[in-house]
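A quick write-up on the structure given underneath.
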Amino acid sequence: MTAILGLSAYYHDSAACLLVDGRIVAAAQEERFTRKKHDAEFPAHAARYCLEAGGLTAFRLDHVAFYDKPLVKFERLFETYLEYAPRGFASFRKAMPLWITDRLWMSERIAKQLGFSGRILFSDHHESHAASAFYPSPYEEAAVLTMDGVGEWATSSLGMGRGNRLEMQAELKFPHSIGLLYSAFTYFCGFKVNSGEYKLMGLAPYGEPKYARAIREKLVHVCEDGSIRLDMDYFDFADRLTMTGEGFERLFGGPARAPESKLTQREMDLARSIQDVTEEIVLKMARHVRKTTGARYLCMAGGVALNCVANGRLLEAGIFDDIWIQPAAGDAGGAVGAALSIWHRHLGMPRESAEKRGTWRLGKKKEEEKEREISSNEREAGGGETLRAGVSACVADLPPYEDGMSGAFLGPSYPSTQIQDWLESRHYPYRTVHPAALPGEVAKLLADGKVVGLLQGRMEFGPRALGGRSILGDPRSPAMQSVMNLKIKFRESFRPFAPSVLREEAAKWFTFEGDSPYMLLCADVVPGKRRAMTAEENLLWGIEKLNVPRSSIPAVTHVDYSARLQTVRRETNPVYHAILSSFQERTGCPVVVNTSFNVRGEPIVCTPEDAYRCFMRTAMDALVLENHVLLRDGQPVFAESEDWRKTFTLD
Ligand SMILES: [Fe+2]
């Protein structure tokens, strides 16, 4: 047996991942255990969980892999400082103590923290992202594109994966970064860099792209191959402690929006403009990758790959036959990539993709398109009947789908009996339901307009809740979006919720063919489910559009009819699939609202205790902990206490 622990830390979203004989058996972000959102400290809790999940101690590990190269990163900081000196002294001085006392001694620190005496291996930041994208993907052969803020020097990279080989072919270097460009606008619009990018993306449909031309002319030169060059006179991230400065203010008519202040049409237009430019860059990069590699499939990772609107456009553009995106596309996923790099690249171990095993293939429509393409080629060559018959024979209604991420359900789970003991010890009123009856119970609550917190199975790895730690609601209700935003999530009300839909029903509700298991692709609600706008409603502007129902599932339909889609398969997530099926039987609708189980500013819940606390801090109506159902009515008055998080912790 070979056990490899992958780690990512010290930037944002620290994480650990355990690989046993090449299989990802556990992965989790540190924030879920420490309850500090985007926790960047050494992932001691996550590592301990991974080892426990694998039944191992650090002593039994064969290798430990870290997701980037601190020395090279330090070199970049130092060289950037020299280039901008003396202007960059403040940011340099701020960063230095941490590097000198801590980060430059990473091997020693990791060894000490883990109690591991072997050699620690370091992977390039973008190679970790690339490995996290290609190796778990279903494809035998695929191009790889990574895009983020910055790693050591690289900000984007492209490569090609074949079997167990992964070769990086080109990269774009700091400071020219699509991720930092997007983050500069995140900052300027008053959101937090490295976490508010999602909010900016959600704001874009309310705006017009009126600044896109200024962005293209002044801020960024976009080449035909998708490479970019930023005009650094406008950006402060290389040499100051902020992202943007006076140049931005002059160009966009005033200072940056103060966080938490009222959103204006300017921010909406800026959001739409930078979203359009980002999509242009991503599409050009993808076309270049397709041209240089000739690959049919594309794998992606890096923070920019979390932009599901751009991902949806990319899929729709048909540049590649299919794309697969690492669910933990940000730096947490680097832990997965670092571990997989050791297994396949350092140790040279073989890889068997789902495509090769026959447990993945394209959807029916795409297979038919491919068949037509092959047929016409074959006709030109004077043959093809046999081949056509062969392709048709393998077309099924729901083609198999499998990747190496196990639906991202790689975190801790809690047995029903353990939860019951805890509920008894706390004297919380609950009802235990037979597992077979649970989906029906949840579906009834949802159909009755209740908001339900669901904790079942293993916790998700990556930023999205996928039915393991989710808050659910009825998407048909016009009031559900504002109820869930204001009473449950305590957040800005402009952000849309995401729908989970039965995979087999998805095409009837969304303009989407295929799998989107990780909620990383946007698609539109089909025209037949949309609601026509009245002349009066069409005149609404910006955020006024929010309260106008757009479809028969208004709670998950954005103002431009788009939705951030999760398709659910029985084989990946049986309980969640059964809940959706039951809801469909009851209502005719195979879609539910799925939002992450947390409140604003808090990481997604991990343990049943976290879930109960979140349940009681909000106006949620019901809580489902495995097969135990708790209703709000009858729960004792909730008091926060110091010893709250004890029963389910790793200590
Ligand atoms: Fe990254």
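The values are calculated or read from the model by the stated rules, or taken from the named source; none is laboratory data. Owing to the predicted nature of the structure, the values given are computational and were not obtained by experimental measurement. All Cβ positions, even for glycine, are placed from backbone atoms using ideal geometry, and neighbour counts span all protein chains on display. Ligands, DNA and RNA are excluded from the accessible area calculation, which covers all protein heavy atoms including side chains. Shrake-Rupley method; radii C 1.70, N 1.55, O 1.52, S 1.80 Å.
Binning all Cα-Cα separations of the chain at 10 Å, short to long from zero, yields these whole-percent fractions: 3, 16, 26, 28, 19, 7, 1, 0.
Selection among Leu270, Gly118, Ala53 by position relative to the dipole of the chain gives Leu270 as farthest towards the positive end (Cβ unit charges, Cα centre). Relative protection proxy for 225-231, 257-263, from highest mean packing down: 225-231, 257-263 (other beta-carbon atoms within 10 angstrom).
From the helices alone, meaning DSSP H stretches of at least four residues, give me the mean residue ellipticity at 222 nm for the chain, per-run term -39500 (n - 2.57), in deg cm²/dmol to the nearest 500. Before the final figure, lay out each step's value.
Values: 22 runs with 219 residues, N = 651.
Computed mean residue ellipticity for the chain: -10000 deg cm²/dmol.
Between Glu571 and Leu71, the FRET efficiency from the beta-carbon distance, with R0 = 60 Å, is close to 0.85. Looking at the chain, the DSSP beta bridges with both ends there are about 70 percent antiparallel.
Give me the percent of the accessible area of the range 450-545 that comes from carbon and sulfur atoms, probe 1.4 Å, all protein chains in place. Using a 1.4 Å probe with all protein chains present, the range 450-545 comes out at 56 percent carbon and sulfur. Farthest towards the positive end of the charge dipole of the range 404-538, among the residues Gly453, Gly467, Ser425, is the Cα of Ser425, using unit charges on the Cβ of Lys, Arg, Asp and Glu.
Note the full-extension length gain between Met349 and Arg23 as 0.36 nm times their separation in residues minus their Cα-Cα distance, in nm to one decimal.
Numbers: separation 326, 0.36 × 326 = 117.36 nm, distance 1.16 nm.
Extra length available between Met349 and Arg23 comes to 116.2 nm.
After finding the eigenvalues of the alpha carbon gyration tensor for the range 257-300, what semi-axes result from the square roots of 5 times each, listed largest first in whole Å? List each step's numbers first, then the result.
Details: eigenvalues 243, 20, 7 Å².
Calculated on Cα positions only, the semi-axes equal 35, 10, 6 Å.
When nucleic acids and ligands are ignored and a 1.4 Å probe is applied, Met533 ends up with an accessible area of around 30 Å². Ranked by the mean number of other Cβ atoms within 10 Å of their residues, highest first, the peptides 448-460, 204-216 fall in the order 448-460, 204-216. Rolling a 1.4 angstrom probe over the protein heavy atoms with all chains in place gives the chain an accessible area of 40 Å² per residue.
For the range 563-613, applying the loop criterion from DSSP together with a ceiling of 16 other beta carbons within 10 Å to the GluC sites (Glu not before Pro) yields Glu571.
Rounded to the nearest 20 debye, the dipole size of the chain about its Cα centre is 700 debye, using +1 on the Cβ of Lys and Arg and -1 on the Cβ of Asp and Glu.
In this structure the amide hydrogen of Ser551, modeled in the peptide plane, comes within under 5 Å of the amide hydrogens of Arg531, none closer than 5 places in sequence on its chain.
Cross-link list Lys37/Lys450; Lys199/Lys489; Lys192/Lys262; Lys365/Lys508; Lys284/Lys356: which exceed 18 angstrom alpha carbon to alpha carbon? Going by Cα-Cα distance, Lys37/Lys450; Lys284/Lys356 fall outside the 18 Å limit.
How large a share of the accessible area of the range 186-228, in percent, is made up of carbon and sulfur atoms when the probe is 1.4 Å and the other protein chains stay in place? Don't jump to the answer; show the numbers that get you there.
Working: 870 of 1840 Å².
With neighbouring chains kept in place, the figure for the range 186-228 is 47 percent.
If you wrap a convex hull around the C-alpha atoms of the range 550-633 and split its volume per residue, what is the figure in Å³? List each step's numbers first, then the result.
Values: hull volume 12.0 nm³, N = 84.
Looking at the range 550-633, the number lands at 143 Å³ per residue.
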